[in-house]
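These notes concern the structure reproduced below.
None of the figures in this text is laboratory data; all of them are computed from the coordinates on show. Since we're looking at a predicted model, the values are computed, not measured. Note that we place each Cβ from the backbone using ideal geometry, even for glycine, and neighbour counts take in every protein chain shown.
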């Protein structure tokens with residue numbers, strides 16, 4: 001499996017899994033504690049991610065919960081760009097991932113504010129120009145599995161063979177990206193997107209199958225409904241469940257954990273790393 005990605009001409013080593021901290025420039029993300037709108041809050045959150053050991057900051061301006069309104073590219077730019085400008089000013093060397101499915105937003109984020117990674121939950125399905133934009137920008141691209149759009153995704157959970165169909169999805173899109181010259185593709189199986197609760201756990205059980213692509217794998221299960229629905233709790237009560245699933249993901253070869261709780265994820269990485277020292 002590929003162990004590096006190119007960040008501004010420097011190879012980032014993923015042989016030790018990295019932790020990506022989430023910051024949502026939204027009023028409606030499902031986990032209230034991740035929402036940041038004021039400048040001071042944004043700076044404080046970024047500093048927390050870095051101080052707790054996170055090596056990447058994932059910035060999003062559009063909530064992907066099914067009940068959230070669908071923002072246009074223009075509306076997303078209005079929310080996102082001032083935050084990126086602020087973050088880049090305060091943390092000039094931070095590795096910034098931008099969570100967007102719009103090609104024009106990706107271009108502006110990279111060209112004007114030095115975003116380093118594009119994280120597209122739609123896998124290029126919402127904006128057909130996204131793949132060519134990423135090829136032009138030459139930044140790592142997180143290719144996630146989803147059917148439909150966030151507002152409709154849970155209508156599309158019927159699979160004949162879910163794992164096989166997701167593998168086919170990645171095979172086809174990765175081939176297109178490689179033909180365009182995108183060299184750094186990060187696979188995200190898309191926990192919580194177009195999948196029922198049992199399907200999410202089936203996906204976690206078969207996570208090692210995605211090594212077939214020989215690409216880094218990002219896992220984002222932080223405080224998601226697959227945890228709190230199973231345990232009959234809430235997002236606020238889902239840290240323990242998140243740490244358990246992050247540990248399973250690391251043991252299955254995850255290279256990047258996308259999380260709300262950076263300190264706890266970094267601890268998972270350290271503990272799993274110590275165990276796997278004896279299993280080489």
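Calculate the FRET efficiency for residue 236 and residue 276 from the Cβ-Cβ distance with a Förster distance of 30 Å, rounded to the nearest 0.05.
E between residue 236 and residue 276, to the nearest 0.05, is 0.45.
Just the projected area, averaged over all directions, of the convex hull on the alpha carbon atoms of the range 138-179: how many nm²?
3.7
Would you mind classifying the range 121-280 by shape? Square roots of the alpha carbon gyration tensor eigenvalues, ordered a ≥ b ≥ c; an a/c under 1.5 is rounded, otherwise it is prolate if a/b is larger than b/c and oblate if not.
Oblate, because a/c is 1.5 or more while a/b does not exceed b/c.
Between the range 56-126 and the range 157-235, how many Å separate their Cα centres?
So the separation of the two Cα centres works out to 21 Å.
Take the chain, connect every pair of alpha-carbon atoms lying under 10 Å apart with a spring to form a Gaussian network, then pick out the residue of 160, 128, 214 with the largest mean-square fluctuation.
For the chain, modelled as a Gaussian network with Cα springs under 10 Å, the answer is 160.
For the range 44-143, just say rounded, prolate or oblate: build the C-alpha gyration tensor, square-root its eigenvalues into a ≥ b ≥ c, call rounded for a/c under 1.5, and beyond that prolate if a/b exceeds b/c, oblate if not.
prolate
Among 152, 64, 247, which one shows the highest mean-square fluctuation when the chain is modelled as a Gaussian network with alpha-carbon springs under 10 Å?
Largest GNM mean-square fluctuation: 152.
Please report the antiparallel percentage of the DSSP beta bridges confined to the chain, to the nearest 5.
10
Per DSSP H run of n ≥ 4, the term is -39500 (n - 2.57); total these for the chain, divide by its residue number, and report the mean residue ellipticity at 222 nm rounded to 500 deg cm²/dmol.
It lands at -12500 deg cm²/dmol.
Translational D (Stokes-Einstein, µm²/s) of the range 231-280 at 10 °C and 1.306 mPa s when Rh comes from the Kirkwood sum over C-alpha pairs?
Taking Rh from Cα pairs, D becomes 138 µm²/s.
Can you classify the range 185-280 as rounded, prolate or oblate using the Cα gyration tensor, where a ≥ b ≥ c are the square roots of its eigenvalues, rounded means a/c under 1.5, and otherwise it's prolate if a/b beats b/c and oblate if not?
Note, shape of the range 185-280 comes out oblate.
Would you list 278, 113 from fewest to most Cβ contacts within 10 Å?
278, 113
Go through (i) 13.4; (ii) 14.2; (iii) 16.4 and flag the label whose value is the computed mean projected area of the Cα convex hull in nm² for this structure.
Correct label, based on the coordinates given: (i).
So which residue, out of 81, 146, 130, gets the largest mean-square fluctuation from a GNM of the chain using Cα contacts under 10 Å as springs?
Ranking 81, 146, 130 by mean-square fluctuation puts 81 first.
Can you give the FRET efficiency to the nearest 0.05 for residue 159 and residue 225, using r as the Cβ-Cβ distance and R₀ = 22 Å?
The formula returns an efficiency of 0.70 here.
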